[in-house]
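Asker: My structure is below; once you've seen it, I'll send some questions.
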Amino acid sequence: MTEKSEGGRWTFGNRTRFVVLFLGICSIICNHGAYTTISFTVICMKDVIEEHVARNQTHWLQNSADVSFVFSAGAIGAIIGLVPSVPLTTRFGIRNVLTFYSFSSSIATLLVPLAVSIGYYPVVVARLIQGFGASILFSSIGSISEGWSPIAEISTYIAFLSAGFQLSNIITMPLSGVLCESELGWRSIYYIFGGVACAVTAGFYAFFRDTAQSHRNVSTKELQKIAAGKSETSGRREVPYIAVCKNKVVLAIWSSALGGNMSLMTLMIYGPTYLNKVLGLDVKDTGFANAIPYILATAVKFTAGPLSDKLTNVPDTWKMIFFAAVAQLGMACGFFVMALTRTKLIAQIAYTAAIVLAGVNMIGVVKCAQMVSRQYIHFVMAVNSLISWVAIFILPIIIGYLCPNHTPEEWSVFYIAGGIWVIVMNIPFPFLATTEAADFTKPGFGEKRVGDVENN
């Protein structure tokens, strides 16, 4: 129920930040869903292959190397998109940059069916643009949270925004499975997701502002709550790249991301392939089976985020370490079980548990990044995103080498290596995690350094 106050402005009952949160979730759902459609539709483009076979031609979908590069093209586009995203966000703000990137991805999604009908290279170009547009989604979680979430609600805000990725899979996978086997066919998936993503992006741009201070619907009461405990900053400032990159806590965060993100990307991208080719599920069952862990992960995030904020008697540092440990060790254990079992049900349970537990990492490692880097969170998160996209780029190469035939034995080797990788890369985080804002976030940091140089 909205309230009218303070000069006739709608203030949404002093809860405008939750309207922004809802729009942010919707934006991530639609744009991430548009990007991931290719992960499922490649297994149901049989009509295209049959047309080429009838003409005694080989389609690129029949060449595993070509299919792998189409997947990698999205990551290449994302890496290209991430490079300018930090300076662009610093200069133009997350509202303008996220809108531009999202529209690019949405339009490319709408054009994928046309690209498939033309040939291989147009598909690669469409995937490059899709990746470019999707590259900023993860970084936007930090920027939106920094501008709109009170410190006391930061776990809830981060958890809910990040749940957009799981929600997109919950919607995309089953819907894709149904549409693939319906009269509408796989092309309708791109038209639906691309069209909805365009509409949601337009709505996001119309309502969203980079900070609560610049939004006309934020009441004085709500603004005071959002600003409580945050240091004042004067406009957008250049990121102190060297200081951020030398910070030990930030380096531990990036190390954790390097271990966890690569492993999680395997489950997210190759989940349908693992369920279909290794566990033997059919296309429709694969769609629903792949959605189950994301449904549970979303429920866990919606519970764990508010729970973390309400446990005020437990130090935030302890909570961050606990949730990070649950996420990363849970994923590693899931990998080990999948590697060692030959029972379909146990493997599917381990697969589900790994994805579900990985979700709480957002209120562990990512919350730490938010608390330490504050107004420069977009850079720290951009590096996290870069790690994820590099993983997406090299995973097809690694899996193509280790799992060329997608046999259980081949995937066992990969999962054992993945579990060890997760554990090793997360060792520094428990010893360095903190909620204290880094020195480079504090007022006068840049000016102090300049003054020291001039005095010398």
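Asker: Taking amide H positions as placed in the peptide plane 1.01 Å from N, state which residues far from residue 247 in sequence (5 or more) or on other chains have amide H under 5 Å from it.
Answerer: Sorted by chain and number, the residues that satisfy this come to none at all.
Asker: A follow-up question, please. Report, in listed order, any pair from 246/442; 248/301; 301/442; 225/301; 301/344 with a Cα-Cα distance greater than 21 Å.
Answerer: Pairs exceeding the cut-off: 248/301; 301/442; 225/301; 301/344.
Asker: Just to be sure I follow the definition: excluding the sites themselves, where is the longest run in the chain that has none of the GluC sites (Glu not before Pro) in a DSSP loop with at most 16 other Cβ atoms within 10 Å?
Answerer: Within the chain, the longest run free of exposed GluC sites (Glu not before Pro) spans 239-435.
Asker: I'd like the FRET efficiency for residue 64 and residue 318, computed as 1/(1 + (r/R0)^6) with the beta carbon distance as r and R0 of 45 Å, rounded to 0.05.
Answerer: 0.45
Asker: Tell me, how many Å apart are the Cα centres for the range 354-412 and for the range 48-109?
Answerer: The range 354-412 and the range 48-109 have Cα centres separated by 18 Å.
Asker: About its Cα centre, what dipole magnitude does the chain give when the only charges are +1 on Lys and Arg Cβ and -1 on Asp and Glu Cβ, stated in debye to the nearest 20?
Answerer: The calculation lands at about 840 debye.
Asker: Rounded to the nearest whole Å², what accessible area per residue is found for the chain with the 1.4 Å probe?
Answerer: 42 Å²
Asker: Quote the Stokes-Einstein diffusion coefficient, in whole µm² s⁻¹, for the range 104-253, based on the Kirkwood radius over alpha carbon pairs, a temperature of 25 °C and a viscosity of 0.890 mPa s. Don't skip to the answer; put the middle values down first.
Answerer: Working: Rh = 18.6 Å.
In µm²/s, the coefficient rounds to 132.
Asker: List every DSSP H helix in the chain whose Cα atoms extend 18 Å or more along the helix's own long axis and whose mean Kyte-Doolittle hydropathy is at least -1.0. If you can, show how the numbers build up before the last one.
Answerer: Working: long enough: 16-41 (38 Å, 1.21); 64-118 (40 Å, 1.28); 120-134 (21 Å, 0.95); 154-180 (39 Å, 1.32); 187-207 (31 Å, 1.16); 248-273 (38 Å, 0.99); 283-310 (42 Å, 0.33); 316-340 (36 Å, 1.42); 344-358 (21 Å, 1.66); 377-402 (36 Å, 2.08); 408-425 (25 Å, 1.07).
Qualifying helices, which must be both long enough and hydrophobic enough, are 16-41, 64-118, 120-134, 154-180, 187-207, 248-273, 283-310, 316-340, 344-358, 377-402, 408-425.
Asker: OK, next. Using 1/(1 + (r/R0)^6) with R0 = 45 angstrom and r between the beta carbons of residue 202 and residue 406, what's the FRET efficiency to the nearest 0.05? Write down the numbers at each step before the final one.
Answerer: On the way: r = 41 Å, r/R0 = 0.91.
Calculated transfer efficiency: 0.65.
Asker: I would also like to ask the following. Could you list, by residue number, the cysteines of the chain that have no other cysteine's beta carbon within less than 4.7 Å of their beta carbon?
Answerer: 26, 30, 198, 245, 333, 368, 403
Asker: So, one more: How big is the charge dipole of the range 142-284 about its Cα centre, in debye rounded to the nearest 20, if each Lys and Arg gets +1 on its Cβ and each Asp and Glu gets -1 on its Cβ?
Answerer: Approximately 380 debye in magnitude.
Asker: Given the -39500 (n - 2.57) contribution per DSSP H run of 4+ residues, what per-residue ellipticity at 222 nm results for the chain, rounded to the nearest 500 deg cm²/dmol?
Answerer: Helix-only estimate at 222 nm: -25500 deg cm²/dmol.
Asker: So if each residue of separation counts as 0.36 nm, and I subtract the Cα-Cα distance between residue 230 and residue 442, what length gain in nm does that give?
Answerer: This chain segment gains 75.3 nm when fully extended.
Asker: About its Cα centre, what dipole magnitude does the range 40-112 give when the only charges are +1 on Lys and Arg Cβ and -1 on Asp and Glu Cβ, stated in debye to the nearest 20?
Answerer: 380 debye
Asker: Let me ask something additional. Quick check: at a probe of 1.4 Å, how many percent of the accessible area of the chain sits on carbon and sulfur atoms?
Answerer: Of the solvent-accessible surface of the chain, carbon and sulfur hold 66 percent.
Asker: Please check the chain for the longest run free of trypsin sites (Lys or Arg not before Pro) that are loop-located per DSSP (anything but H, G, I, E, B) and have at most 12 other Cβ atoms within 10 Å.
Answerer: So the longest stretch without any such site is 56-215.
Asker: Go through 416, 218, 171 and say which Cα lies farthest out towards the positive end of the charge dipole of the chain; charges sit on Cβ, +1 for Lys and Arg, -1 for Asp and Glu.
Answerer: Farthest towards the positive end: 218.
The values are calculated or read from the model by the stated rules, or taken from the named source; none is laboratory data. Just so it is clear, the model here is predicted, and its values are computed rather than measured. Every residue, glycine as well, gets a Cβ built from its backbone with ideal geometry; the counts of neighbours run over all protein chains shown. Please note that ligands, DNA and RNA were not included when accessible areas were found on the heavy atoms of the full protein model with its side chains. Shrake-Rupley method; radii C 1.70, N 1.55, O 1.52, S 1.80 Å.
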